[in-house]
């Protein structure tokens, strides 16, 4: 059974008005329990609308969203509980920080779930450790933190609710390379230790290649690809027609393959080295002879 599944999911804005626009168009996908799924697509492809339907922030115009096999809108009055199970981290989540201290901010979600102060703080401290926030920062005002620390505090606030599914919308936007790498590593470590499902929406193909087991490609409101990361990025020329680009290292390997070299697409520099090393040895042996 999939942890999340959509069946003919459609969402339209401005229904029955002159401005009606279908943002998600009959999408049927299954998301595996425990997987790291990357979601890509150009601006306006429907990916942000899609993820907001997955935790009930938006109610589908038609079709269904299933969480552990159950329609999340079967009991509309209980939709709030779905959002505790499917946690959402929006782009620039640090803009939502508001409490007096970092600890209180991270405790806000668990408190809304009905946990007492001690339980909330236990979860908050555990979540802070997951995202790399030291104990000495928890007593500070969120507004005293650096940009990267604010981002991690906001993500910790969602992690503290211990969701089965964690959805992140452009979590590394605006961070420097070091901060981006650190945050992605912490998210990957959290997923491995917790064993939950992570969905990452990103414009960075390098980030997706680094983390994702599978990739969902959205285009024109439709799910046009859903496959392993390697297989999706091996279709680089198709992605280019949708306004997307593959990671730079993958593009180089694809170009070599098109020129007749016996290489497979690579997602990382290490993979590319492994592919190219036999060719370089062969070429060196040929020249020596």
- Answer yes if at least one residue in the range 9-22 is under 19 Å from residue 226 (Cβ atoms), surrounded by fewer than 22 Cβ atoms within 10 Å (Cβ to Cβ) and either at pLDDT 95 or above or not assigned by TED's automatic domain parsing to the domain that holds residue 193 (or both), and no otherwise. yes
- Query: Looking at (1) surrounded by fewer than 13 Cβ atoms within 10 Å (Cβ to Cβ); (2) touching a residue at least 24 places away in the same chain (Cβ under 8 Å); (3) under 29 Å from residue 241 (Cβ atoms), can you tell me which one residue 43 breaks?
  - Reply: (2)
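Restricting the search to the range 23-40, which residues are free of Cβ contacts under 8 Å to residues at least 60 places away in the same chain and surrounded by 15 or more Cβ atoms within 10 Å (Cβ to Cβ)? Steps first, please.
At the first step, the residues of the range 23-40 found to be free of Cβ contacts under 8 Å to residues at least 60 places away in the same chain are 30.
If the condition is that a residue be free of Cβ contacts under 8 Å to residues at least 60 places away in the same chain and surrounded by 15 or more Cβ atoms within 10 Å (Cβ to Cβ), then no residue fits.
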- Item | Any chance residue 74 is farther than 30 Å from residue 230 by Cα, assigned by TED's automatic domain parsing to the domain that holds residue 217 and in a strand (DSSP E or B) | no
- Message: Please pick out the residue among 231, 264, 191, 210 that is under 25 Å from residue 132 (Cβ atoms), surrounded by 12 or more Cβ atoms within 10 Å (Cβ to Cβ) and out of contact with any strand residue (DSSP E or B) (no Cβ under 6 Å at 6 or more places or on another chain).
- Response: 210
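How many residues does the range 56-69 hold that are part of a strand (DSSP E or B) and within 23 Å of residue 191 (Cβ to Cβ)? It would help to see each step written out before you state the result.
Applying the first criterion (part of a strand (DSSP E or B)) to the range 56-69 yields 62-67.
Filter again for within 23 Å of residue 191 (Cβ to Cβ), leaving 65-67.
Matching residues across the range 56-69 total 3.
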- Task: Answer yes if at least one residue in the range 59-67 is within 30 Å of residue 193 (Cβ to Cβ), at pLDDT 95 or above and touching a helix residue (DSSP H, G or I) at 6+ places or on another chain (Cβ under 9 Å), and no otherwise.
- Result: yes
- Message: Please go through (1) surrounded by fewer than 21 Cβ atoms within 10 Å (Cβ to Cβ); (2) touching a residue at least 60 places away in the same chain (Cβ under 8 Å); (3) in a strand (DSSP E or B) for residue 224 and return the number of the only condition it doesn't satisfy.
- Response: (2)
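Out of 43, 49, 6, 53, report the one residue that is within 21 Å of the chain's Cα centre (by Cα) and assigned to a loop (DSSP other than H, G, I, E, B).
Details: 49 fails: assigned to a loop (DSSP other than H, G, I, E, B); 6 fails: assigned to a loop (DSSP other than H, G, I, E, B); 53 fails: assigned to a loop (DSSP other than H, G, I, E, B).
Within the list 43, 49, 6, 53, the selection yields 43.
The values are calculated or read from the model by the stated rules, or taken from the named source; none is laboratory data. All values reported here derive from a predicted model rather than from experimental measurement. Every residue, glycine among them, receives a Cβ derived from its backbone with ideal geometry; neighbour counts consider all protein chains shown.
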